[in-house]
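The values are calculated or read from the model by the stated rules, or taken from the named source; none is laboratory data. This is a predicted model, so every value here is computed, not measured. Reconstructed Cβ throughout: ideal geometry from the backbone, glycine too, with neighbour counts over all protein chains shown. Only protein heavy atoms, including side chains, enter the accessible area calculation; ligands, DNA and RNA are left aside. Shrake-Rupley method; radii C 1.70, N 1.55, O 1.52, S 1.80 Å.
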Amino acid sequence: MQAGIVGLPNAGKTTLFNALTASQAEVAPYPFTTIDPNIAEVDITDERLLALTSLLNPLEVRPARLRFLDIAGLVKGAHKGEGLGNEFLTHIRTVDVIVHVLRCFPIINVSHVEGSINPVRDLEIVRLELALSDLTLLERAIHKHKKISKSLHKEELEELNFLETIYLQINEGRKVEETDLLRLRKYNLLSIKPSLLVINVSEDEIGNPSEELQEVKNYLKNQGVDYLVSPALLEQELSAFSPEDRLEYLKGVGVSGTSLNQLIFKTNKLLQRIFFYTTASRILQAWPIKKGTVIKEAARMIHTDIGEGFIKAEVIPFNDLLRLGSLNKAKESGLVKIEGKDTSVEDGDVIYFHFR
Ligand SMILES: Nc1nc2c(ncn2[C@@H]2O[C@H](COP(=O)(O)OP(=O)(O)O)[C@@H](O)[C@H]2O)c(=O)[nH]1
Ligand SMILES: [Mg+2]
């Protein structure tokens with residue numbers, strides 16, 4: 001799973017990135033570019049995985065991972081190449097979710113490209129840049145199709161029509177239909193990607209919200225957009241401390257959890273992610289998948305051979321396994337179900353795949 005961080009310069013993107021990843025960062029340079037985005041991966045901490053670890057005593061534990069990409073700030077005109085914006089954006093075209101950072105902390109020492117604090121304005125500037133960047137991409141795709149339109153097959157002509165329709169929808173700021181999203185996947189458009197807003201506030205704003213903070217919260221609520229309020233700088237400073245100390249400090253200033261945990265929770269909700277677990281070869285592994293995925297697809301995710309040669313799966317819900325205390329007891333109690341390829345995976349299922 002990958003998340004791409006966007007926002008205006010000095011919104012606190014890199015600060016948030018550090019806060020999210022510093023404690024366990026594995027910062028890798030991006031190999032094929034000169035304007036390197038910061039990249040780091042974090043383990044998705046998971047209560048169930050911890051419980052399964054103490055229960056099953058595995059040789060190895062592999063949590064699901066979330067990768068963050070932090071790109072340089074966008075400015076007005078980024079889509080036209082202003083400030084190299086377009087190149088930055090290409091780095092995050094393939095992410096699963098966009099994390100959009102809005103600056104709410106005041107102008108003291110840190111300047112703002114637009115000269116004042118106004119998160120609603122900033123939100124719309126960046127949204128517009130994402131949309132304009134998509135339009136440029138679509139224009140190119142449409143142009144390519146048109147150049148050879150005489151020799152196009154029926155499906156390709158249909159694709160051309162489809163792209164033109166989408167172009168108009170994005171251009172006019174209309175909502176793209178749910179059913180079209182899947183078909184658009186291969187174009188990696190940014191403006192239609194699931195996105196989460198992170199409002200970056202200073203520590204003292206949490207208990208004492210500014211007018212701007214109230215305004216942007218209401219604005220997002222009215223649009224039905226999920227957001228979280230993050231004291232990014234404080235969290236970056238806290239990242240040197242133990243998780244327990246961090247949480248205690250945050251609770252002291254009125255925040256219920258780390259931005260990372262809130263972000264993971266909200267991302268899973270937004271993307272309708274659930275988790276299943278495998279324990280084969282005494283390797284305990286968590287697998288994130290989309291709700292509604294069937295067992296055969298889940299098998300394929302682990303390995304194409306397991307998907308292709310799938311015979312059956314033994315499935316036990318996490319809660320039953322925890323209650324009974326071991327896989328053997330679960331089997332004896334008949335709580336391990338044999339499932340075929342078309343059964344949907346449920347959140348928390350512990351699965352053993354049989355395959356040829
Ligand atoms: N006071 C305060 N400063 C912040 C906060 N977040 C970021 N900054 C500062 O703002 C500056 C720009 O932050 P940075 O993360 O580099 O912004 P980016 O350009 O969006 O990556 C840095 O000096 C940060 O220390 C915050 O919540 N409060
Ligand atoms: Mg930065």
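Can you tell me which lysines have their Cα less than 23 Å from the Cα of K331? Leave out same-chain residues fewer than eight positions away. Candidates past the 8-residue exclusion: K296, K312, K341.
The share of accessible area on the chain that comes from carbon and sulfur is 51 percent, using a 1.4 angstrom probe. Within straight-line reach of K146, meaning a Cα separation under 13 Å, sit the following aspartates and glutamates at least 8 residues removed in sequence or on another chain: E156, E158, E159, E164.
Secondary structure note: in the chain, about 50% of the DSSP beta bridges are antiparallel.
Quick one: Cα centre-to-centre distance for the range 188-240 and the range 284-329, in angstrom? If we compute the Cα centre of each part, the gap is 36 Å.
Looking only at the range 273-355, where both bridge partners belong to it, what percent of the DSSP beta bridges are antiparallel (to the nearest 5)? Please list the in-between numbers first.
Working: 17 of 19 bridges.
In the range 273-355, approximately 90 percent of DSSP beta bridges are antiparallel ones.
In a fully extended conformation the segment linking N10 and R93 would gain 27.7 nm over its present Cα-Cα distance, using 0.36 nm per residue. Among the GluC sites (Glu not before Pro) in the range 167-245, those placed in a DSSP loop whose Cβ has at most 16 other Cβ atoms within 10 Å are E172, E177.
Charge tally for E332 (other residues, Cβ to Cβ under 15 Å; Lys, Arg +1; Asp, Glu -1): +2.
In percent, what relative contact order does the chain have, based on Cα pairs under 8 Å that are 6 or more apart in sequence? Display every interim value, and only then the final one.
Numbers: 582 pairs, mean separation 65.5, N = 356.
Answer for the chain is 18 percent.
Under 21 Å Cα to Cα from K266, which lysines show up? Leave out anything in the same chain fewer than 8 places away. Within the straight-line cut-off, K266 pairs with K13, K193, K217, K221, K251, K290, K291.
Scanning the chain for DSSP H helices at least 24 Å long along the axis (C-alpha atoms) with a Kyte-Doolittle mean no lower than -1.0 picks out 119-147, 154-171.
Highest mean packing comes first when the peptides 94-104, 245-255 are listed by Cβ atoms within 10 Å, giving 94-104, 245-255. Note that the chain presents 52 Å² accessible area per residue, ligands and nucleic acids not counted, probe 1.4 Å.
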